[in-house]
Amino acid sequence: DTGVSQDPRHKITKRGQNVTFRCDPISEHNRLYWYRQTLGQGPEFLTYFQNEAQLEKSRLLSDRFSAERPKGSFSTLEIQRTEQGDSAMYLCASSSGGRARDTQYFGPGTRLTVL
Amino acid sequence: DAKTTQPPSMDCAEGRAANLPCNHSTISGNEYVYWYRQIHSQGPQYIIHGLKNNETNEMASLIITEDRKSSTLILPHATLRDTAVYYCIVRVDNTGGFKTIFGAGTRLFVKA
């Protein structure tokens, strides 16, 4: 257990529905990351927060995806109008390191299945 | 961005040392080498990182060549629980962001 928690651990939804995932980082960590991982692939970066500011978003993050970190603590990732291609593991990580040594600690992930 | 090259899979006998290689020939002078592993259905787990010098912690040792173009992760006494995908990563600092770019990694099978 790294101290990063994610909820829910599993989510099954029907195509077209909206889903929201939550990530609680390690309490003193000011950076929070979202990644997506499909079967057989390494995690792919989606977005990154420093405190409550969203500083970078991948082109993978389409208009249907939105992430927030309103108070600089927990974060939510929402997917609107889900598609079957959204089926993946969604991973959250947090860190507090300096510029060149940003060790990220990952949560257990939320596995999304879109039917 | 520096990229890494790893063998897709390796086998290791239980109790023996597992040596996982990684090539990162385009690494920049201020970029660190990180290793993570991912056991099936879990999130990636940090193992170790280094810049120039060899590093050791309770999980593993990291050997970085003098020219920094390659490194080796050593698990000194592999157990069945070390079966996982191991990712070698070079930290990318892109316009202030700290995203981590994962490759496909090396799938290590530890056999009894």
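The values are calculated or read from the model by the stated rules, or taken from the named source; none is laboratory data. Keep in mind the model is a prediction, meaning the values are calculated, not measured. Cβ sites come from the backbone with ideal geometry, for glycine too, and all protein chains shown count toward neighbours.
Structure notes:
- Residue selected from segment A:87-115 under the condition of a type in the set (S, T, N, Q) and in contact (Cβ under 8 Å) with a residue 12 or more places away in the chain, by the criterion surrounded by the most Cβ atoms within 10 Å (Cβ to Cβ): A:104
- Taking the criterion of being within 11 Å of another protein chain (Cβ to nearest Cβ), touching a Lys or Arg at 6+ places or on another chain (Cβ under 7 Å) and over 11 Å from residue A:103 (Cα atoms), the only residue of segment B:20-43 that qualifies is B:31.
- Segment B:1-30, residues that are over 14 Å from the mean Cα position of the chain (by Cα) and part of a loop (DSSP other than H, G, I, E, B): B:1, B:2, B:14, B:15, B:16, B:17, B:25, B:26, B:27, B:28, B:29, B:30
- Taking the conditions (1) assigned to a loop (DSSP other than H, G, I, E, B); (2) of a type in the set (Ser, Thr, Tyr); (3) in contact with a strand residue (DSSP E or B) (Cβ under 6 Å, 6 or more places away or on another chain) in turn, residue B:72 satisfies each one other than (1).
- Qualifying residue in segment B:50-67 (condition: over 20 Å from residue B:14 (Cα atoms), facing chain A (nearest Cβ under 8 Å) and more than 15 Å from the chain's Cα centre (by Cα)): no
- For segment A:1-52, a residue qualifies if it is of a type in the set (Asp, Glu) and within 12 Å of another protein chain (Cβ to nearest Cβ), and the qualifying residues are A:1, A:44.
- Considered as a group, the residues in segment A:53-85 that are at pLDDT 90 or above and charged (D, E, K, R) include one that is surrounded by the most Cβ atoms within 10 Å (Cβ to Cβ), and that residue is A:69.
- Some residue of segment A:15-33 being out of contact with any strand residue (DSSP E or B) (no Cβ under 6 Å at 6 or more places or on another chain), hydrophobic (A, V, I, L, M, F, W, C) and more than 24 Å from residue B:30 (Cβ to Cβ): no
- Of all positions in segment A:9-25, at least one carries a residue that is touching a residue at least 40 places away in the same chain (Cβ under 8 Å), closer than 19 Å to residue B:38 by Cα and surrounded by fewer than 17 Cβ atoms within 10 Å (Cβ to Cβ).
Every residue, every condition in (1) surrounded by 14 or more Cβ atoms within 10 Å (Cβ to Cβ); (2) over 24 Å from residue A:45 (Cβ atoms); (3) in contact (Cβ under 8 Å) with a residue 12 or more places away in the chain, yes or no:
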residue	(1), (2), (3)
B:17	no, yes, yes
B:23	yes, no, yes
B:54	no, yes, no
B:68	yes, no, yes
B:76	no, yes, yes
B:84	yes, no, yes
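- Residues (modelled with pLDDT of 95 or more, within 14 Å of residue B:20 (Cα to Cα) and either out of contact with any Leu (no Cβ under 8 Å at 6 or more places or on another chain) or not in a loop (DSSP other than H, G, I, E, B) (or both)) located in segment B:48-69: B:61, B:62, B:63, B:64, B:65
- The residues on offer are A:71, A:57, and the sole one that is free of Cβ contacts under 8 Å to residues at least 40 places away in the same chain and within 14 Å of chain B (Cβ to nearest Cβ) is A:57.
- Options A:37, A:41, A:84, A:80; residue that is in contact (Cβ under 8 Å) with a residue 24 or more places away in the chain, among the polar types (S, T, N, Q) and within 15 Å of residue B:101 (Cβ to Cβ): A:37
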